[in-house]
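A short worksheet on the structure shown next.
The values are calculated or read from the model by the stated rules, or taken from the named source; none is laboratory data. Given the structure is predicted, the values throughout are model-derived calculations rather than measurements. Don't worry about glycine lacking a Cβ; one is built from the backbone with ideal geometry, like all the others, and counts go over all protein chains shown. Ligands, DNA and RNA are excluded from the accessible area calculation, which covers all protein heavy atoms including side chains. Shrake-Rupley method; radii C 1.70, N 1.55, O 1.52, S 1.80 Å.
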Amino acid sequence: MNENSRMPGLLEGKNALILGVANRWSLAYAIAEAFKREGARLWLAYQGERQRQTVEILAEELGTRRLLACDVTQEADLEQLRQALRSQADPLHAVVHSIAFARREDLARPFIETSQEGFLLAQHVSAYSLVAVARAVAPLMPEGGSITTLSYLGAVRVVPNYNVMGVAKAALEACVRYLAADLGPQGIRVNAISAGPIKTASARAIKDFASVLDAVAERAPLRRNTDPAEVADAAVLLASELGRGLTGNILFVDAGFQIMGI
Ligand code: NAP
């Protein structure tokens with residue numbers, strides 16, 4: 001196929017902000033690759049100085065120089081993000097929030113031992129930050145658009161060691177519904193992808209994560225684990241015109257594991 005016969009990408013002409021790129025294994029990176037393939041103009045946001053060098057290399061590969069440091073727990077960082085995006089004058093069409101954090105010890109000991117501090121930290125970074133990000137970006141989306149976050153089955157079922165993060169994901173999924181109701185009249189859709197377990201830096205913090213991968217490969221209807229590219233393609237769907245009727249949804253991309261009883 002020559003350049004002239006190339007089909008337009010599903011995100012051609014769209015400006016997209018992707019938060020949560022830490023390294024090549026981040027789901028946010030897989031999503032950025034898919035958005036680039038579909039023609040989106042990318043902004044990438046990462047937490048802070050520690051990731052800057054890595055993210056600069058990844059951004060170059062993705063053909064973007066639009067990089068922003070943003071710790072989502074810091075209102076000043078969110079304000080800077082908003083100002084940087086606003087200074088471009090281009091409307092924003094798609095935002096992906098691919099961010100979560102809980103203390104390693106809270107992902108290893110019984111849930112009942114979760115400290116107040118650990119509980120609130122997980123809620124702040126993993127759930128409230130979606131609200132804060134949505135508030136910062138919604139005024140930059142005058143043409144409407146899509147906000148997508150990443151959740152996991154531990155929001156609605158007990159998954160060993162997921163603990164405090166499961167409770168944070170339950171809050172995140174509720175935030176998706178309330179934000180979808182608030183922002184729907186502006187044409188902004190809000191959804192979550194509930195991804196199957198995938199080996200990433202965050203996942204490695206969960207005790208016995210390998211046994212979760214094994215259980216999925218053995219019992220999921222598709223008898224395998226989830227590929228990051230499948231999550232990324234679902235994110236393209238939600239951000240594109242194809243997803244125009246979808247809001248307030250939790251879309252499972254997990255090889256079907258969540259439907260299984262025993
Ligand atoms: P990841 O690469 O570690 O991504 C998590 C991202 O959150 C990192 O970029 C991390 O930055 C960022 N982050 C943490 N605290 C932050 C803060 N205060 N401000 C800004 N960014 C912050 O792991 P991932 O698996 O791709 O996770 C992405 C999302 O997918 C998360 O919401 C996760 O819960 C969800 N998810 C993952 C799986 C899985 O099995 N991997 C399954 C379902 C859902 P630092 O690295 O700098 O801390």
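Applying the set (1) at pLDDT 95 or above; (2) within 29 Å of Pro197 (Cβ to Cβ); (3) open to solvent by less than 70 Å² (accessible area, probe 1.4 Å) to Gly39 leaves exactly one unmet item: (2). Ile206 meets all of the listed conditions (1) open to solvent by 10 Å² or more (accessible area, probe 1.4 Å); (2) within 11 Å of the ligand (Cβ to nearest atom); (3) free of Cβ contacts under 8 Å to residues at least 60 places away in the same chain but one, namely (3).
Could you tell me whether any residue of the stretch 240-248 is buried (at least 20 other Cβ atoms within 10 Å of the Cβ) and farther than 18 Å from Ala30 by Cβ? Within the stretch 240-248, one or more residues are buried (at least 20 other Cβ atoms within 10 Å of the Cβ) and farther than 18 Å from Ala30 by Cβ.
One line per residue, one yes/no per condition, for (1) hydroxyl-bearing (Ser, Thr, Tyr); (2) open to solvent by less than 30 Å² (accessible area, probe 1.4 Å); (3) modelled with pLDDT of 95 or more:
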site	(1), (2), (3)
Ser146	yes, yes, yes
Gly154	no, yes, yes
Ser194	yes, yes, yes
Pro197	no, yes, yes
Ala210	no, no, yes
Thr226	yes, yes, yes
Val231	no, yes, yes
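One residue stands out in the stretch 77-98 among those that are part of a helix (DSSP H, G or I) and small (Gly, Ala, Ser): the one that is surrounded by the most Cβ atoms within 10 Å (Cβ to Cβ), namely Ala84. Selection over the stretch 99-144 of residues that are touching a His at 6+ places or on another chain (Cβ under 6 Å) and either open to solvent by 50 Å² or more (accessible area, probe 1.4 Å) or in contact (Cβ under 8 Å) with a residue 60 or more places away in the chain (or both) gives a count of 1.
Against the list (1) modelled with pLDDT of 95 or more; (2) open to solvent by less than 70 Å² (accessible area, probe 1.4 Å), the condition Gln74 fails is (2).
Every residue, every condition in (1) of a type in the set (A, V, I, L, M); (2) under 14 Å from the mean Cα position of the chain (by Cα), yes or no:
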residue	(1), (2)
Phe35	no, yes
Ala59	yes, no
Leu68	yes, no
Glu79	no, no
